[in-house]
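One structure is given below, encoded as structure tokens.
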Amino acid sequence: QVQLVESGGGSVQAGTSLTLSCRLSGGRTFNDYDMGWFRQVPGKARVFVGSINWRGDNTHYIDSVKGRFTISRDNAKNTVWLQMDNLKFEDTARYYCAAALAGSPAGRYDYWGQGTQVTVSS
């Protein structure tokens, strides 16, 4: 039973920073998983934000967050982070982390956290 728990969300002012964390428990060893971050706003589909491979040496980001968001991981702590700098109003969403077994086809995320809300005001 794989469980993912996000934390670190909150309400912040535009231009500030916030870091989300996601810890995995159960399942296989943490470094067996590629990890992804997604976000969703009410009435819209959940969208991909970024990802990091099992080793932590390869990341991908959507264009709108490149240069502002950074994903990192510590396999000894079973934890992945999403560091968000220079937050914009458009970043307001509920953020989810997800896990995919390394070697799985791209986009195959089998496990999801419950999400944490990020609200950015101007």
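None of the figures in this text is laboratory data; all of them are computed from the coordinates on show. Quick caveat: nothing in here was measured; it's all calculated off a predicted structure. So basically every Cβ, Gly included, is an ideal-geometry build from the backbone, and we count neighbours across all protein chains shown.
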Residue 40: net charge of surrounding residues, Cβ under 14 Å, Lys/Arg +1, Asp/Glu -1, itself excluded?
-> +1
Expressed in nanometres to one decimal, the distance between label points 7 Å along Cα→Cβ at residue 11 and residue 57 is 4.4 nm
Candidate lysines - alpha carbon under 24 Å from residue 44, same-chain residues fewer than 8 apart omitted = 66, 88
Amide H neighbours of residue 33 under 5 Å, at least 5 residues apart or on other chains, H built in the peptide plane: list them.
-> 102
Please state the relative contact order of region 46-122 as a whole percent: Cα pairs under 8 Å, 6+ residues apart?
-> 22 percent
If the cut-off is a Cα-Cα distance under 20 Å, which aspartates and glutamates reach residue 77, setting aside same-chain residues fewer than 8 apart in sequence?
-> 6, 32, 34, 57
